[in-house]
1. Cβ-Cβ below 7 Å, separation at least six or inter-chain, first residue in region 241-253 and closer than 17 Å to I287 by Cα, second part of a loop (DSSP other than H, G, I, E, B): which pairs?
2. Starting from region 138-154, keep only residues that are modelled with pLDDT of 85 or more, then list their pairs with residues that are basic (K, R) whose Cβ atoms are within a distance under 7 Å, requiring at least 6 positions of separation or different chains.
3. For region 105-115, how many residues meet the condition of being under 12 Å from D87 (Cβ atoms) and either touching a residue at least 60 places away in the same chain (Cβ under 8 Å) or of a type in the set (G, A, S) (or both)?
4. Does any residue of region 34-51 turn out to be at pLDDT 90 or above, hydrophobic (A, V, I, L, M, F, W, C) and within 27 Å of L136 (Cα to Cα)?
5. Please report, ordered by residue number, the helices (runs of 4 or more DSSP H) entirely within region 86-192 with at least 2 residues that are crowded, with 17+ Cβ neighbours inside 10 Å and of a type outside the set (A, V, I, L, M, F, W, C).
6. With respect to L255, determine if the residue is under 19 Å from I186 (Cα atoms) and touching a Lys or Arg at 6+ places or on another chain (Cβ under 6 Å).
7. One residue is enough: does region 252-261 have a residue meeting the conditions under 22 Å from A203 (Cα atoms) and acidic (D, E)?
8. Counting just the residues of region 66-85 that are among the hydrophobic types (A, V, I, L, M, F, W, C) and in a helix (DSSP H, G or I), which one comes out farthest from K33 (Cα to Cα)?
Amino acid sequence: MKSIVIILTAILLSVSTSAAEAKQFKTPGDFYKGQQGGLDPDAVEVLKKDIPLAKRVLIDCAANGAVKERQSCAVYAQYIGSADLADALANFIDDRDKEVRLTAAQSLRAIAPERASKVLLTLLEDPEPVVRESALNHIHAIGGRAANDIVRKRLADPDPAVRLTAAGLLAEDGQEISRDMIAPNISKQIEKENKKIEIKGKALILLGRVGNEKDIATFDEILSHRSDYNKRDARIGRQLLRMKLAKNIGDRDSLIDEAFRDERLRDWITAEMVRRFRSGDSSVRRIVESIAKNAGHPAKLQAEGALGLIDKRD
């Protein structure tokens with residue numbers, strides 16, 4: 001009986017190996033034809049081992065692939081993970097489809113941040129606001145000396161969502177953003193008849209970072225309406241503003257603890273504290289340390305990573 005089992009096992013292994021070998025990639029198109037924005041794991045494994053071939057596949061895909069196939073190829077680059085693919089991936093940056101451009105920008109930032117900074121600058125002039133907004137976020141995340149100046153210039157972008165994103169990124173970094181300078185923009189986007197929920201949400205959070213005592217009433221009004229879809233952003237904005245207006249660190253920490261107790265704000269306040277700490281705000285160290293010590297906290301690893309990064313600077 002044992003010998004029969006061994007024979008059957010050998011046959012199955014032989015069939016499995018033959019099936020894998022039968023799936024051969026003979027031309028660049030074999031790696032992406034028919035892909036619908038997803039990934040072929042076998043193709044990824046082959047390309048990881050042969051970067052020159054991966055370059056040829058990306059170049060061929062950019063020139064000859066259908067929309068979903070081009071999007072798949074842009075994703076491939078990120079999973080292959082080699083910075084040597086940066087030049088080939090740059091072929092997708094001026095793709096005629098905005099989703100392909102967005103995916104390419106994300107992959108380029110992941111595999112080659114230094115190369116990405118230069119390429120992303122071209123996307124700041126993209127005709128699609130969502131692409132300019134994405135490029136702005138990537139440039140800010142990569143950082144560098146020129147990042148703040150680049151972001152600040154987008155305060156004059158023709159699209160309100162891009163302007164709000166720029167102001168929000170500067171405010172996150174503690175840059176001086178005059179409420180008076182952006183007040184008309186904020187007020188317009190927070191009006192009830194504004195149908196663009198995402199833009200309104202950005203405006204509410206920005207108001208929380210740069211507002212004053214009078215703006216508490218704006219948040220209270222929104223929270224009093226049953227049908228408003230931006231209540232979560234209004235709660236976040238209101239809490240940010242209360243923290244900003246706190247008279248001392250003790251009062252601010254009490255508001256932070258209050259947010260942790262509110263299930264609707266817990267995920268946001270966790271991310272906010274880790275982000276502030278990573279940015280060099282040592283006043284929230286105690287809070288990040290408490291997250292790191294909590295075995296059941298969903299952001300435990302984030303907090304531990306932040307502590308490790310900061311401690312290396314000390």
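The values are calculated or read from the model by the stated rules, or taken from the named source; none is laboratory data. Remember, predicted model here, so these are calculated numbers, not experimental data. Note: ideal-geometry Cβ built from the backbone for every residue, glycine included; neighbour counts use all protein chains shown.
1. Pairs that qualify, where the first residue is closer than 17 Å to I287 by Cα and the partner is part of a loop (DSSP other than H, G, I, E, B), are R252/A246.
2. Qualifying pairs under 7 Å: H138/R109; R154/R163.
3. Of the residues in region 105-115, the ones under 12 Å from D87 (Cβ atoms) are 108, 111-112, 115.
Filter again for either touching a residue at least 60 places away in the same chain (Cβ under 8 Å) or of a type in the set (G, A, S) (or both), leaving 112.
Residues meeting the conditions: 1.
4. no
5. On the way: elements: 86-89, 98-111, 113-123, 129-142, 147-153, 160-172, 179-190.
In region 86-192, the matching helices (runs of 4 or more DSSP H) lie at 98-111, 113-123, 129-142, 160-172.
6. Answer is no for this residue.
7. Going through region 252-261, the residues under 22 Å from A203 (Cα atoms) turn out to be 255-256, 259.
Restricting the remaining residues to those that are acidic (D, E) gives none.
There is no residue in region 252-261 that is under 22 Å from A203 (Cα atoms) and acidic (D, E).
8. Step one: filter region 66-85 for residues among the hydrophobic types (A, V, I, L, M, F, W, C), giving 66-67, 73-75, 77, 80, 83, 85.
Next, only the ones that are in a helix (DSSP H, G or I) stay: 67, 73-75, 77, 80, 83, 85.
On the way: V67: 11, C73: 10, A74: 14, V75: 14, A77: 16, I80: 18, A83: 24, L85: 20 Å.
Among them, the one singled out is A83.
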